[in-house]
Amino acid sequence: MTATNLRYYRSIFIRRLPYFLAVATVISAASVIMAISLPPAFVSQMTLIVESPQIPDELAASTARTPAQEQLQVVEQKLMTRANLLEIANKFQVLENQSELSPDRIAQAMRSRTSIRSSAGRDQAALMSISFEASSGQKAAGVLNEYLTLIQKEDVQSRTGRASQTLDFFKQEVSRLNQELAESSARILEFKTENVGALPESLDYRLGQQSLLQERLAQLERETVSLEEQRRRLVRIFETTGQVGGLAGPALSPEQQQLDEMRAALNNALAVYSEENPRVKMLRARVAALEKTLQSLPPEENAQPLTGNSLLDVQLSEISARQNILEEEKKNTTQQLEQLTKSIERTPTNAIRLDELQLDYENLQLQYNTAVDRLSRASTGERIEVMSRGQRISVIDPPAVPSGPSKPNRTLIAGGGSIFGVLAGIGLIVLLEFLNKSIRRPEDLVSKLGIAPLATIPYITTTGENARRRRLRILGVIVILLGVPFAVYAVHTLYQPLDLLAERIMDKIGVRW
């Protein structure tokens, strides 16, 4: 840069000096006044940590499991609620002229004065640092102590509440499943009672009984055919020879012969069946009926044959009696066989239905066992939380009353504001020159008009003009250097403090400190 350019820029700076001084003085004066007038701010700080459970999860696990970082975030969000902030602000009267502020303004101020920082990482402890700024150390420490009380209370209530809700849920689940198990068991018992003769577990026995009854029915058919053949043979012999078998001795009456046959059949049946067998009961009834009939007959009728062929009559009567017995037994056997057949036909359907009921019962039993196991773990987890043996938030560095104000850094505010004012003034001059497109130097003629002047004649001022301009410039500088700080101070004292005014402006444009 040549000496000519330096002189040119120096002349521009001198000509724009009032603008520079106005901007720099306003900002510097405001910074100095704010640095002097800002009230001292006391900051109290505390540090919290999320401790791991005191009982290892391998031995007993809590049911209120929350990642440490998530736990801190939940605590932070619940702590910064509007209701909590208003309650704490009213309790300690944190803000100046608080009664004149709206609730929204109070909550916003409390949030702006509260600083919360969390740190957590893999294989690292989860930490939270909370600080609060107030006009006195006692207020800052008091608010932090209130924060700590709310955090620990919320942490305990949250964890014990979740553990208790989990325990109540599994208690209800076990009770519900126990009732459903009882109902399912009752349905199975009712179904078995209604189908006691057609259940799958007795199918093999009933199939065996069916085979025995079928064999017995076939045997009865053979005996019936044999008796019928015997009857025809006796009749044919009698018709051919006029005699029957050549039996000696007096012939018995048909009733006596039939009674003997019934007694013999009863003895044979008792050798095979029990007293409760239907056949035995039937034979006993017929023996008793025949004995009663014989007792009611006259003695002579009981001793004499009915006809001359009494032997044939006795044998035919005996065959008829045996045929009647066989027919009765065939009828009973057929009925039993039909009942068995129906029960066997119903067995597959009953087996399917019973399997469905049993499967429902087993599923409910599995759910019940699982719920009982989880209820036990939930009870243990709830006990862990009640005794504060699970994961919890503890205090590493408790709140303390600061020994001195932490803010403001008056030197930094005043010095930084003054430097910023100087830079802002220089920036304004640069901006004005950038926007000024007029021709003021010979170089401007060449660059803008494309012509090269032969010579340039500057404006030559007189001595009086120079003196007058110098006096006006000095007067302007004095007015700016004295009047501007006075005006800024007047705004600060008479209208509104500059810190509040700056805060309001920043709120309007959506910027926070």
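Tell me which residues come under 5 Å, amide H to amide H, from S406 once H is placed; ignore anything under 5 positions away on its chain. Distant-sequence amide H within range of S406: A41, F42, V43. A simple spin-label model places pseudo-atoms 7 Å from Cα toward Cβ; at Q138 and A424 they are separated by 3.9 nm.
Using θ = phi - 60° in the Karplus curve 6.51 cos²θ - 1.76 cosθ + 1.60, the 3J(HN,Hα) couplings for region 184-200 round to 5, 5, 5, 5, 5, 5, 5, 5, 5, 5, 5, 10, 4, x, 9, 8, x Hz; x is entered for Gly and Pro.
Shape class of region 54-211 from the alpha-carbon gyration tensor: prolate, with a/c at 1.5 or above and a/b greater than b/c. With 0.36 nm allotted per residue and the present C-alpha distance subtracted, the S102-V156 stretch has 16.2 nm of extension available. To the nearest 0.05, what FRET efficiency results for T224 and D373 with a Förster distance of 60 Å applied to their C-beta separation? That gives a FRET efficiency of 0.30. Partners of K437 within straight-line reach, counting lysines whose Cα lies under 19 Å from its Cα and excluding those fewer than 8 residues away in the same chain: K448. In the structure shown, the pairs K292/K330; K171/K192; K153/K407; K192/K342; K192/K281 are assessed against 28 Å; a Cα-Cα span above that value is assigned to K171/K192; K153/K407; K192/K281. Can you list residues whose amide H is under 5 Å from I396's amide H, if they're 5+ apart or on another chain and H is modeled 1.01 Å from N? Amide H neighbours of I396: T47, L48, I49.
Only the coordinates and a few stated rules stand behind these numbers; no lab work does. Note that the structure is a prediction, hence the values are computed from the model and not measured. We place every Cβ from the backbone using ideal geometry, glycine too, and count neighbours over all the protein chains shown.
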